[in-house]
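J.: Structure in structure tokens, see below.
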Amino acid sequence: MSCSITLKQISYKNSSNRLFENVNLNVGHEEKVAIVGANGVGKSTLIRIIAGLEHSYEGVLELFHNKIDSKKEYKKFRSDVGYLPQDVNDYFLCPVVIEDVMFNLRARGVDKEKAYCEALKILESLEISHLKDRTIFELSGGEQKIVAIASILSTEPKILLLDEPTNALDVNAEKRIVDILNGIKKSMIIVSHHKTFIDKLAPTVYTLNSTGLELN
């Protein structure tokens, strides 16, 4: 199986202590993997390393069998990796839903009319086209998470990295997120502490602890 993500002996130490060491992981093409673990063990840090947002680590990160040695090297694959943080409040670049989904398309040089049509198609595929003219910060938490996913999908990533995508959402919003993610055929790593959510989405689950990843 072709690997989208490979971690070899990844270790991370913050200013006060080592969070984890000897993390090894292979995520295959369109494979969905979940990572669980105790609070403070470093799950968010690990996913930020994979997202190219944390560089103070030891070990080897590979994307599509390419070793990533620097920020410059990661830049080649930036558009292939979509990252959803726990808190999306600071994620949005535009105040209106359709404008935010259009932003990445326009940044890539797509003309305004085509970008609008493509953004609308993404919203329709996620069944939120009725929100297109709404102000993002007036939406519910679940709606904001789905709009953030729509913005990520506009970059056409091959990998999705999702940090607690259902955190603080109600049961209906969680079900909607599950349905959306199950319908997306991309490699995914999902960090979550919601067992019922993981069970519906990721067939492969690892537990992160101070000595590495353990397959559940």
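J.: Give me the residue from the range 183-208 that is surrounded by fewer than 21 Cβ atoms within 10 Å (Cβ to Cβ), polar (S, T, N, Q) and modelled with pLDDT of 95 or more and, out of that set, farthest from Val36 (Cα to Cα).
T.: Selected residue: Thr204.
J.: On to the next question. Name the residue, out of Glu113, Glu156, that is on the phi > 0 side of the Ramachandran plot and either touching a residue at least 12 places away in the same chain (Cβ under 8 Å) or out of contact with any strand residue (DSSP E or B) (no Cβ under 7 Å at 6 or more places or on another chain) (or both).
T.: So the residue among Glu113, Glu156 that is on the phi > 0 side of the Ramachandran plot and either touching a residue at least 12 places away in the same chain (Cβ under 8 Å) or out of contact with any strand residue (DSSP E or B) (no Cβ under 7 Å at 6 or more places or on another chain) (or both) is Glu156.
J.: Take Leu215 and tell me if it is over 14 Å from the mean Cα position of the chain (by Cα) and touching a residue at least 24 places away in the same chain (Cβ under 8 Å).
T.: no
J.: For residues that are over 12 Å from the mean Cα position of the chain (by Cα) and among the acidic types (Asp, Glu), scanning just the range 127-175, find the one that is nearest to Val33 (Cα to Cα).
T.: Out of the qualifying residues, it is Glu174.
J.: For Ser11, indicate whether it is surrounded by 14 or more Cβ atoms within 10 Å (Cβ to Cβ), in contact (Cβ under 8 Å) with a residue 24 or more places away in the chain and in contact with a strand residue (DSSP E or B) (Cβ under 8 Å, 6 or more places away or on another chain).
T.: Considered against the rule, which asks whether it is surrounded by 14 or more Cβ atoms within 10 Å (Cβ to Cβ), in contact (Cβ under 8 Å) with a residue 24 or more places away in the chain and in contact with a strand residue (DSSP E or B) (Cβ under 8 Å, 6 or more places away or on another chain), Ser11 comes out as yes.
J.: Across the range 76-119, which residue is surrounded by the most Cβ atoms within 10 Å (Cβ to Cβ) among those that are within 17 Å of Leu131 (Cβ to Cβ) and among the aliphatic types (A, V, I, L, M)?
T.: For the range 76-119, the residue satisfying everything is Val101.
The values are calculated or read from the model by the stated rules, or taken from the named source; none is laboratory data. A quick note: this is a predicted structure, and the numbers were derived from the prediction, not measured. All Cβ positions, glycine included, derive from the backbone under ideal geometry; neighbour counts span all protein chains shown.
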